[in-house]
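The values are calculated or read from the model by the stated rules, or taken from the named source; none is laboratory data. All values reported here derive from a predicted model rather than from experimental measurement. Don't worry about glycine lacking a Cβ; one is built from the backbone with ideal geometry, like all the others, and counts go over all protein chains shown. To get the accessible areas, we keep the full protein, side chains included, count just its heavy atoms, and leave off ligands, DNA and RNA. Shrake-Rupley method; radii C 1.70, N 1.55, O 1.52, S 1.80 Å.
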Amino acid sequence: INHIVHNGGLYKRPFNEAFEETPMLVAVLTYVGYGVLTLFGYLRDFMRQWKIEKCQNATEREEQKDFVPLYQDFENFYNRNLYMRIRDSWNRPICSVPGAKVDMMERVSHDYNWTFTYTGRVIKDIINMGSYNYLGFAQKTGACQEAAAKVLSQYGAGVCSTRQEMGNLDKHEELEKLVARFLGVESAMAYGMGFATNSMNIPALVGKGCLILSDELNHASLVLGARLSGATIRIFKHNNMQSLEKLLKDAIVHGQPRTRRPWKKILILVEGIYSMEGSIVRLPEVIALKKKYKSYLYLDEAHSIGALGPGGRGVVEYFGLNPEDVDVMMGTFTKSFGAAGGYIGGKKELIDYLRTYSHSAAYATSMSPPVVEQIITSVKCIMGEDGTTIGRARVQQLAENTRYFRRRLKEMGFIIYGNEDSPVVPLMLYMPAKIGAFGREMLKRNIGVVVVGFPATPIIESRARFCLSAAHTKEMLDTALKEINEVGDLLQLKYSRRRLVPLLDRPFDETTYEETED
């Protein structure tokens, strides 16, 4: 389904997303593939039970046979018989900075991926298409590294206390004021872990008697935070505004179950860029619905902050909206800023409340000073406060790389999901055997990719996920595209029935924000 939206003036720029339908034959063959793997799995389990095949997996001791199993039966079966076949595609150890190129430690398995042995060889200069290094700040040289090293020598590596006790440094205060200015909000608070920013703060904002409306493809941290809060959770279809509006109407008309009292709060949970789909939230429509039905909006900008908008300020700037229209602006420093941790921005009353009642604020150790300095230096670079235009140039370079890479993949005939401006690029693989094969074949050609399957995606929607970076040069992207094209032919991955005509005369750097806004 292609979406090109203007929607009554809500959108100030074209909004182009594509989710091409899975070809029927591919879907049938994918189910057949999983069926064959399942049959062989049961056969191998039977052989292990009768000691015909050596059992490598952990099993319950005889005296624990009557206990409730620690894992669900299918999960254990899936890990044993399906995941184990392609386990070498994940957890690959790298031994360098995760920049545009990485060095990887070679490992081999002599027992079908149950255990791995390191050969002692290092595979050099693998083009890194998997790290969330959107703006290229993951580097061991330059202003960020020098500033972090200086702070390390002054403050040390750890704080050994919480913010409310002896762990509140002047650097933390400086970071929070800078982040608030960067986002265009009254106040902000920083946390040491991005996942915990969601999972520990949502329970502080809503509780019993409140309603959470959550996108069906929200990240696990949002899902966990919603469950821990004790609020009622209802799910709307991914980026589907009709589905969201229906839930809002029903919530207001019917109120709470049984008592029919009004909900204390209605909180809408969405992400800026969805990290598995490559789609961008329809924020203008979400804000319009939020205002219409007097609800609150929680926006997770983990993947969009730094990566979208002409100034790198995320999806709010990308759509030209007012930050005040988003009640809770959450994001992480782990991606575009090459650091660790997360933040929440909003009104001063909200942040003051969270400083007191958030579990992350009260019980978690403060952020490491060198990490804080890495974030401060990178944010100032993006804002141009370091006296250079390097930051804005990186944001622009990422936008150009994204459009170029997506367009070339579509021209080759791959099914690519998501928005044309999203630096997260899912390439659909579908069949289980092709997950491992694609990862291995790309590594043979010195390209590091991330392949994703069940349970991170629906069982028939396995994919490879490319993450583009401003650090990628055109030569690197062309090399990667050449190898992807070759592997696509080898594994017959070109499923798309809507091939684009190549724009051979279009220069590489033509795509700019100014042009797309016009």
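Quick notes
- Charge-dipole axis of the chain as Lys and Arg at +1 and Asp and Glu at -1 on Cβ define it, positive-most pick from L169, N485, T377: N485
- Candidates Y34, G418, L468 compared by Cα position along the dipole of the chain: farthest toward the positive end lies Y34, with charges placed on Cβ.
- Nearest-0.05 FRET efficiency for T473 and Y118, computed from C-beta distance (R0 35 Å): 0.70
- Reach of K51 by Cα under 30 Å, taken over lysines that are not fewer than 8 positions away in the same chain: K65
- Subtracting the Cα-Cα distance of A362 and K177 from 0.36 nm times their residue separation leaves 64.6 nm of extension gain.
- The Cα center of segment 311-359 and the Cα center of segment 365-395 differ in position by 16 Å.
- Peptides 449-460, 399-410 ordered by packing proxy, namely the average of other Cβ atoms within 10 Å per residue, highest first: 399-410, 449-460.
- Rounded to the nearest 0.05, the FRET efficiency derived from the C-beta distance between L10 and K265 at R0 = 25 Å is 0.50.
- With contributions of -39500 (n - 2.57) from each DSSP H run of at least four residues, the per-residue ellipticity at 222 nm computed over the chain stands at -12000 deg cm²/dmol.
- Antiparallel DSSP beta bridges within the chain, percent to nearest 5: 65
- For the peptides 10-23, 203-216, the ranking by mean Cβ contacts within 10 Å, running from highest to lowest, is 203-216, 10-23.
- Tensor-based shape of the chain (alpha-carbon gyration tensor, a/c under 1.5 rounded, otherwise prolate or oblate): rounded
- Partner lysines for K347 [C-alpha distance under 19 Å; skip if fewer than 8 residues away on the same chain]: K177, K265, K290, K291, K294
- Protein accessible area in the chain, 1.4 Å probe - carbon and sulfur %: 56
- Each peptide in 475-481, 421-427 was scored by the mean count of other Cβ atoms within 10 Å over its residues; highest first, the order is 421-427, 475-481.
- Accessible area of the chain divided out per residue, in Å², using a probe of 1.4 angstrom: 47
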